[in-house]
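Pasting a structure below so you can have a look.
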Amino acid sequence: MSRAARLALVTAAAATAALVIGMIAGGRAFPRIIPGLPDSGAFVRWGLPLSKLLMDASGVLTVGLLLMAAALLPNDKGVLGKSATGYVKAASWAALVWAGAAFLSIVFGVAESFGRTVPQVLEQTMLTSYATQTTQGVALTLVVLFGVAIALFSRGAITAGAAAGLLVFAMVTLLPAPLTGHTSSSPNHDLATSSVALHLLSLSLWTGGLGVLALHALRGQPQLEVAAARFSRMALWCWAGVGLSGVFALVARLGAISDLWTSEYGLLAMAKLVAFVLLGYVGYWHRQRTLADLRGHKPRAFTRLAAGEAVLMSATIGVAVALSRTPPPEFSIPADRAFELLGFPLPPPLTVGNILSLWWFDLFFAVVAAVLAGLYGVGVLRLRRRGDAWPWGRTAAWFIGVAILVFCTQSGLARYAQVMFDVHMIEHMTLSMVVPIFLVLGGPVTLALRALKPAAKRGDRGPREWITTILHSRFTKVLTHPVVATAIFVASTYALYFTPLFESAMNEHLGHIWMTLHFLISGCLFFWVIIGVDPGPNRLPHVWRLLMLFVTMPFHAFFGIALMMMGSVIASGWYEQLGRTWGATLLQTQHDGGAIAWGFGEIPTLIVLLAIAVQWYKDDDRQARRADRRAERTGAGDPELDSYNAYLARLNRADKGE
């Protein structure tokens, strides 16, 4: 048996053993059976967690294989090498196992829910009903469909871009099933949802990448040193993401600190914490010792340590599955429908003081803001240390945009935006028409291209090369076409509010995140075309930019007028459940929101006009200085000016009759 096969068996055994121990410790291995109630039996009781363990492990393996092919191994001008192509093919088989394990989870989930055996479930229509009508069933069905799609598309992927796209697809596929379990029922479901999503993505990249890297080392494949160095840089951020998200996930589920050692859920969480600390220490040892040995062509120490770390990570996955089967400790929460929907009590009457004081921590957008500010600051600092200049105005614009983003998503404005339509419209307009203006004026792409170093190997793709490839891709060219960018910016607003999409988005935290992200991204796309200072595939003359601005802005006024004229309440089901008794009526807040949408565009329009005027002036000044330098270098005058002077001379001769 090869060393790689032995590692696979050991990791599978470690994960299974951790699951069994976790099930016993959490009290789920031998539950109390009440006489008279249907029981699906021990086969289903153990089959469900084992199928979920297989689903999670194969999903993480799929992510690791695609990560290895797309980012860790070098490529030649975007074309995958032999080893990377082999990993993409292996990801196809891993994705098939992923889909099959998700189907088994559906079968066992139906059996457990209805107290039936597996043969009874397969003979009836329960399977179809569960897979299409329950939240958990729909989530698992999506995993089955997406897993099959990844398996099919992986068969023909030969470029790094295709592997990267499949990697993103696989990471999205990881999310539906866990986000519909204990997370959705947590009292603070907003924090629980965001923390679990961040936890899964960080852990899958970390665990999957290390597992495949260990297999790569055991098989004696080439370019191990490059792949290990790249993974080491990424693993530090993944470790931080896992730790941060894990803490917030516990905060969302535990009622008191004492629950950590007085409940089965808390004890399993402590076991995960111990494994997390051990993994951090092993990673530190990697960076200090084994990477140096690897650079000295001594791979055995790295191989042993990577294999041991992969086994420990597999055991952590087993504990995580057992934790998902263990109910969190119960604690009293207000019997309030608004609290159940919002995750916080209904705020008091709207005042400026309450907006400034009732801050609400949104983990997702806090991470987004921290990443935006941190990466930009590091880029500016790197340029300054190198002795290069970076305009202070761009830096100020970027951080102003990030500060407004934080205020819109973390302050009392975010709380009231979920309760009152007019405040929601203020948040919407600010996120789509104010924040993007300052962000695009910050020139983040230009900063990244200047701050990042080219790939060490010619033809390979590092972060700088990936940015350049995306900028020149056909997808970016289509997306940044003025007509497409304008259509997304304008039409999506009408499609959101005049269809059931808005109410659906308000009812789910993930839907609310996607809605807010859409406001931000669509605004950045539109204003990047008009006033963006970054290089792009579609650069418009300044006159056309003005025309595009003046053609687009009236549509927001028409949208506001349409809201003001409506006689029915948008998303009435959502707002009526909140039971707000203070302030204006639902219809009046909707009309006020329409008035806000109608008049809000004047301030962004003024800012954009000033930006276009300044850019136009600077562009003309650059062209004039360029012409002067060309004239000094060649000894010739300005061709346009010489032509104009010759024209005047001909007119003068014609007047004299010459």
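Suppose the filter is at pLDDT 75 or above, aromatic (Phe, Trp, Tyr) and crowded, with 19+ Cβ neighbours inside 10 Å; does Phe364 pass it? Explain how you work it out, then say what you get.
Working: at pLDDT 75 or above: yes; aromatic (Phe, Trp, Tyr): yes; crowded, with 19+ Cβ neighbours inside 10 Å: yes.
Taking the combined requirement at face value, the residue satisfies it.
Give the number of residues within segment 384-410 that are surrounded by 15 or more Cβ atoms within 10 Å (Cβ to Cβ) and assigned to a helix (DSSP H, G or I).
Here the count works out to 15.
Yes or no, residue by residue, for (1) polar (S, T, N, Q); (2) closer than 21 Å to Gly280 by Cα; (3) surrounded by fewer than 21 Cβ atoms within 10 Å (Cβ to Cβ):
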| residue | (1), (2), (3) |
| --- | --- |
| Ser194 | yes, no, no |
| His199 | no, yes, no |
| Thr207 | yes, yes, no |
| Leu210 | no, yes, no |
| Leu215 | no, yes, no |
| Pro222 | no, no, yes |
| Ala227 | no, yes, no |
| Phe231 | no, yes, no |
| Leu236 | no, yes, yes |
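In addition: So, restricting to helices (runs of 4 or more DSSP H) that lie completely within segment 101-208, which ones have at least 1 residues that are modelled with pLDDT of 90 or more, hydroxyl-bearing (Ser, Thr, Tyr) and under 28 Å from Lys272 (Cβ atoms)?
On the way: elements: 118-123, 126-133, 135-154, 160-173, 182-185.
Ranges flagged: 160-173.
Next question. If I filter segment 575-588 down to residues being within 32 Å of the chain's Cα centre (by Cα) and under 14 Å from Val423 (Cβ atoms), which single residue comes out as surrounded by the most Cβ atoms within 10 Å (Cβ to Cβ)?
Pass one, segment 575-588, residues within 32 Å of the chain's Cα centre (by Cα): 575-578.
Still in the running and under 14 Å from Val423 (Cβ atoms): 575, 578.
Working: Tyr575: 20, Leu578: 18.
The residue in question is Tyr575.
Restricting attention to segment 451-497, which residues are of a type in the set (D, E, K, R), open to solvent by less than 80 Å² (accessible area, probe 1.4 Å) and either outside any helix (DSSP H, G or I) or touching a residue at least 24 places away in the same chain (Cβ under 8 Å) (or both)?
Looking only at segment 451-497, we keep the residues that are of a type in the set (D, E, K, R), and these are 453, 457-458, 460-461, 464-465, 474, 477.
From what's left, open to solvent by less than 80 Å² (accessible area, probe 1.4 Å): 460-461, 464-465.
Selection gives Asp460, Arg461.
Within the set of pairs 6+ apart or on separate chains, which have a first residue in segment 123-147 that is open to solvent by 50 Å² or more (accessible area, probe 1.4 Å), a second that is part of a loop (DSSP other than H, G, I, E, B), and C-beta atoms under 6 Å apart?
Leu142/Pro176
Check off (1) in a loop (DSSP other than H, G, I, E, B); (2) under 20 Å from Val423 (Cβ atoms) for Pro604 and give me the number that stays unchecked.
(1)
Out of segment 340-353, which residues are surrounded by 14 or more Cβ atoms within 10 Å (Cβ to Cβ) and either in contact with a Ser or Thr (Cβ under 6 Å, 6 or more places away or on another chain) or under 27 Å from Arg253 (Cα atoms) (or both)?
Step one: filter segment 340-353 for residues surrounded by 14 or more Cβ atoms within 10 Å (Cβ to Cβ), giving 340-344, 346-347, 350.
Matches in segment 340-353: Glu340, Leu341, Leu342, Gly343, Phe344, Leu346, Pro347.
Here's something else I'd like to know. If you take the residues in segment 367-380 that are surrounded by 15 or more Cβ atoms within 10 Å (Cβ to Cβ) and not β-branched (Val, Ile, Thr), which one is farthest from Arg394 (Cα to Cα)?
Of all residues in segment 367-380, those surrounded by 15 or more Cβ atoms within 10 Å (Cβ to Cβ) come to 367-369, 372-373, 376, 379-380.
Within this subset, residues satisfying the condition of being not β-branched (Val, Ile, Thr) are 369, 372-373, 376, 379.
Values: Ala369: 17, Leu372: 14, Ala373: 13, Tyr376: 11, Gly379: 12 Å.
Filtering segment 367-380 for residues that are surrounded by 15 or more Cβ atoms within 10 Å (Cβ to Cβ) and not β-branched (Val, Ile, Thr), the one farthest from Arg394 (Cα to Cα) comes out as Ala369.
The values are calculated or read from the model by the stated rules, or taken from the named source; none is laboratory data. A quick note: this is a predicted structure, and the numbers were derived from the prediction, not measured. All Cβ positions, even for glycine, are placed from backbone atoms using ideal geometry, and neighbour counts span all protein chains on display. Protein only, heavy atoms only, side chains kept; ligands, DNA and RNA dropped before computing areas. Shrake-Rupley method; radii C 1.70, N 1.55, O 1.52, S 1.80 Å.
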